[in-house]
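Notes follow once the structure below has been shown.
The values are calculated or read from the model by the stated rules, or taken from the named source; none is laboratory data. Since the model is a prediction, treat every value here as computed from it, not as a measurement. Because the Cβ atoms are built from the backbone with ideal geometry, glycine has one as well, and the counts that use them run over all protein chains shown. Only protein heavy atoms, including side chains, enter the accessible area calculation; ligands, DNA and RNA are left aside. Shrake-Rupley method; radii C 1.70, N 1.55, O 1.52, S 1.80 Å.
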Amino acid sequence: MKYILYIILAVVAVFAVLLVFALIRAAKIKAKPDNNKTAAPFTPEDEAKYSKFLSEMIKIPTVSAAEGDDLTEFYRFREVLKSNFPLIFEKLEVNDIDGNLLIKWKGKTDKDPILLMGHQDVVPAVESNWEHEPFSGDIVDGKVHGRGAMDCKCTVMAEYAAVEELLEEGFVPERDVYLSSSVNEEISGGGADKIVNFLKERNVHIAAAMDEGGGIVSGILPGMETWLCACGVVEKGTADIKFTAKAKGGHSSTPPKNTPIARLSAFVNDVEKHDPFIRSFTPPVENMFTSIAPYLTFPFRLLMGNLWLFKPLLKIAMPMVSPMANAFLGTSCVFTMSGGAAAANIIPGEAYVIANIRPSIQQNLDECFNILKNIAAKYDIEAEIIKGKSASKIVAPDSEELAFLGKCVKECFPGYCFAPYYVTGGTDCRDFEPVTDNCLRFTPIRMDDQQMAAMHAANENISTDAISAGVKFYKYYIKNHN
């Protein structure tokens, strides 16, 4: 008994020492306010001009176009771009690749070019509770309203406005600059692949491709009192998997046990209750938390800034915090569709559910599929992948392009936190991996909680001052990328 007490006291003493060390470290890493810099200036006239440009772009309902669809609205959108950014279409090389746009601005040298991305298409606006008509482009109370205001016509507008103004100033970039925008990003329709194939045919290697996927956000982390500039350095995969249960079927008045829907229900419940995928801290998530830690208040800075000590605790706590926090730790799976009999009094001979999974970097698509397939087999259920892909490559933590982007953020948004980010959704950017090692997912546009929640939902909008700051950022990024 005496020895057990000694062991307990020793453990407590060791933990106390570690905790003191963690407290000292948390105090040392606190970010110091940067009072010597100011954000890139813009005038009220700039703000009004950019807001008008974006409003006109939103008024064109460029809902995603699948292969072979009518592109009339996209060519109307093109005319708006030509009207607002005439020098781009007069002086630069414009490539129309089945509606997808790739514009080349020739630089002074043959250094690897940079590529700024966005997408022309938007998701449908089917919600009934819009305060402003979804394709109105209304400018009210310092905001531009409508579908695509945030996702992601604001990005396309800011990139084009930056290049147009630099052309007006007579600036010539050090290296080639490309502007890329697809017509079907929202449906993973292959527009980005066509642009990539165009570049590959010309042996173009890109120094950095910068797309949506991260942004300037607030309020998503407890204890963070400044804006977070999140740059996606990796994104999860995505897959749709169909699970089918079969039986003889029959009349509902004489039901047997273990009907297809009963077995599917048991399977869905099993996966929901017992997460079958690996949950762990990956290097991108660790780097994200380590970068954020200096900007957090105590005690959150203590936890995030000392992952070596608190990682096991955070691994338990994160799934309780939010679905997003849980998604950072591993593959996610959600059942989104189902089908069965044609009438309520028929026992179906075949029923199905469809799951959407987001494979993490710990487990590729094949491994995730086999895990679910084996669970389904216990309920006599078949599984098949409808479509899918594994997680993307990870941008190297010591990437010069990532470091340069961070430097630009600190210059244009002083006092903001810049951090690598694990993208749980998907973007066109990953399709550019064949032509670049640096797929950077960052939009220099501030968005609050409501604006984030409104993407793909009703009342999408963007603040007019945030748009202006985004234009100034892209100008700085292009001018200083030597």
Of the candidates Y75, P61, A16, the farthest towards the positive dipole end of the chain (Lys/Arg Cβ +1, Asp/Glu Cβ -1, centred on the Cα centre) is A16
Between S322 and K91, 0.36 nm times their residue separation minus their Cα-Cα distance comes to what?
-> 78.3 nm
Where both residues lie in the chain, what percent of DSSP beta bridges are antiparallel, nearest 5?
-> 65
With each label point set 7 Å from Cα along the Cα-Cβ vector, what nm distance links K28 and E127?
-> 4.7
Could you go through region 468-482 in sequence order and give the Karplus-derived ³J(HN,Hα) for each residue, using 6.51 cos²θ - 1.76 cosθ + 1.60 with θ = phi - 60°, rounded to whole Hz, and x for Gly and Pro?
-> 4, 4, x, 4, 5, 5, 4, 4, 5, 4, 5, 5, 9, 8, 8
How far apart, in nm, are the 7 Å Cα→Cβ label points at E382 and E169?
-> 6.2
Keeping the other protein chains in place, figure out the carbon and sulfur percent of the accessible area of the chain, with a 1.4 Å probe.
-> 56
Could you list, in their original order, any pairs among K143/K410; K246/K273; K407/K475; K49/K82 whose Cα atoms are separated by more than 18 Å?
-> K143/K410; K246/K273
Which FRET efficiency, nearest 0.05, do K393 and S218 yield, Cβ-Cβ r, R0 35 Å?
-> 0.75
Over the alpha-carbon set of region 275-348, work out the extent along each principal axis and list the three values in angstrom, largest first.
-> 61, 22, 18
Based on the mean of other beta carbon atoms within 10 Å per residue, what is the order of 209-215, 167-173, most packed first?
-> 209-215, 167-173
Under unit Cβ charges (Lys, Arg +1; Asp, Glu -1), what dipole magnitude, rounded to 20 debye, does region 83-146 have relative to its Cα centre?
-> 520
Give me the accessible area per residue for the chain, probe 1.4 Å, as a whole number in Å².
-> 46
Set of lysines near K236 by C-alpha distance (under 16 Å), chain-local residues within fewer than 8 positions excluded | K387, K389, K393
Binned at 5 Å from 0, what are the whole-percent values of the Cα-Cα distance distribution for region 162-299, short to long?
-> 2, 6, 9, 10, 11, 11, 12, 11, 8, 6, 5, 4, 2, 1, 1, 0, 0
For the chain, just say rounded, prolate or oblate: build the C-alpha gyration tensor, square-root its eigenvalues into a ≥ b ≥ c, call rounded for a/c under 1.5, and beyond that prolate if a/b exceeds b/c, oblate if not.
-> oblate
Determine the dipole magnitude for region 164-311: charges of +1 sit on the beta-carbon of Lys and Arg, -1 on that of Asp and Glu, nothing else is charged, the reference point is the Cα centre, and the result goes in debye to the nearest 20.
-> 1480
Here, D141 and N480, labelled 7 Å along Cα→Cβ, have an inter-label distance in nm of 3.5
Under 1.5 on a/c is rounded, so check that first for region 192-266, then, if it is not, pick prolate when a/b is larger than b/c and oblate when it is not; a ≥ b ≥ c are the square roots of the alpha carbon gyration tensor eigenvalues.
-> oblate
Of A458, C439, G470, which is farthest on the positive side of the dipole of region 429-482, counting Cα position, with +1 on Lys and Arg Cβ, -1 on Asp and Glu Cβ, and the Cα centre as origin?
-> G470
Over the chain: helical MRE at 222 nm, DSSP H runs n ≥ 4 each giving -39500 (n - 2.57), nearest 500 = -12000 deg cm²/dmol
Report the charge-dipole magnitude of region 319-435 in Debye, nearest 20, computed about the Cα centre from +1 at each Lys and Arg Cβ and -1 at each Asp and Glu Cβ.
-> 260
What FRET efficiency would be calculated for the residue pair S83, D270, taking the C-beta separation as r and a Förster radius of 56 Å, to the nearest 0.05?
-> 0.50
